[in-house]
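Only one structure is covered here, and it is reproduced in the block below.
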Amino acid sequence: MSNHLPKMAHTETDQTPTMRIDKWLWCARFYKTRAIAVEAIHKGHVKVNGTVAKPSKEVRAQDTIELLQAQTPRTVAVLGMAATRGPAPVAQQMYEETADSIRQREVLSEQRRLAPEPANSLQAGRPTKKDRRDMQELRSWNDRWSAQ
């Protein structure tokens, strides 16, 4: 009977388990699908140990990953690997977010909370039915173009 669980790769020099960065991000539940993780990696939103990663980059425990998730930067340290994507509590044990990253996320959250509502900056929107009637009254028949 064959095992359907994917095997984690081991490097030749040491026996620490490694995993592709796109798969790790998916298993750790940073992105909903591997395709979205690959897209974020291709856009340059993911760095491993300070260098821009490719989807096939192998990560191992103690690596540092910087990523942009929903316009929010995060920095995490890899603690472990998982053979498959599991429940959120298990996924959260695969990494630890740095204190600076947590602090930065809190500051950005507070800035968003205190930012003015974008809709309040709109001076004029689409005219209402009353506005259209008023504009129609202001027009005279002479303003219209005719073929005469």
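The values are calculated or read from the model by the stated rules, or taken from the named source; none is laboratory data. Just so you know, these numbers come straight off a predicted model, no measurement behind them. Please note: Cβ atoms are built from the backbone with ideal geometry, for glycine as well, and neighbour counts cover all protein chains shown. To get the accessible areas, we keep the full protein, side chains included, count just its heavy atoms, and leave off ligands, DNA and RNA. Shrake-Rupley method; radii C 1.70, N 1.55, O 1.52, S 1.80 Å.
For residues that are open to solvent by 80 Å² or more (accessible area, probe 1.4 Å) and either modelled with pLDDT of 90 or more or within 17 Å of S56 (Cβ to Cβ) (or both), tally how many sit in the stretch 1-29.
Qualifying residue count for the region: 5.
Which members of the stretch 108-134 meet the condition of being of a type in the set (A, V, I, L, M, F, W, C) and surrounded by fewer than 10 Cβ atoms within 10 Å (Cβ to Cβ)?
Those that are of a type in the set (A, V, I, L, M, F, W, C) and surrounded by fewer than 10 Cβ atoms within 10 Å (Cβ to Cβ): L114, A115, A119, L122, A124.
For the condition out of contact with any Phe, Trp or Tyr (no Cβ under 6 Å at 6 or more places or on another chain) and in a helix (DSSP H, G or I), what is the one hit in S101, S56?
None of the others qualify; the one that does is S101.
Kindly indicate which of K32, K57 is buried (at least 18 other Cβ atoms within 10 Å of the Cβ) and basic (K, R).
After applying the criteria, what remains is K57.
List the residue pairs whose Cβ atoms are under 9 Å apart, where the first residue sits in the stretch 25-44 and is at positive phi, the second is part of a helix (DSSP H, G or I) and loosely packed, with under 14 Cβ neighbours inside 10 Å, and the two are 6 or more positions apart or on different chains.
R29/A88; R29/Q92
Just checking, does the stretch 60-74 include any residue being open to solvent by 70 Å² or more (accessible area, probe 1.4 Å), in a strand (DSSP E or B) and touching a strand residue (DSSP E or B) at 6+ places or on another chain (Cβ under 7 Å)?
yes
Just give me the residues in the stretch 81-108 being among the small types (G, A, S) and either in contact with a helix residue (DSSP H, G or I) (Cβ under 6 Å, 6 or more places away or on another chain) or touching a residue at least 24 places away in the same chain (Cβ under 8 Å) (or both), in sequence order.
A82, A83, G86, A88, A91, S101
What number of residues in the stretch 41-53 are open to solvent by 20 Å² or more (accessible area, probe 1.4 Å) and not in a loop (DSSP other than H, G, I, E, B)?
So the count comes out to 4.
Have a look at Q104, Q136, Q62, Q93 and point out the one that is modelled with pLDDT under 90 and either closer than 21 Å to T33 by Cβ or of a type outside the set (V, I, T) (or both).
Q136
Exactly one condition in (1) open to solvent by 50 Å² or more (accessible area, probe 1.4 Å); (2) in contact with a Lys or Arg (Cβ under 9 Å, 6 or more places away or on another chain); (3) not polar (S, T, N, Q) is not met by L79; state its number.
For L79, the failing item is (2).
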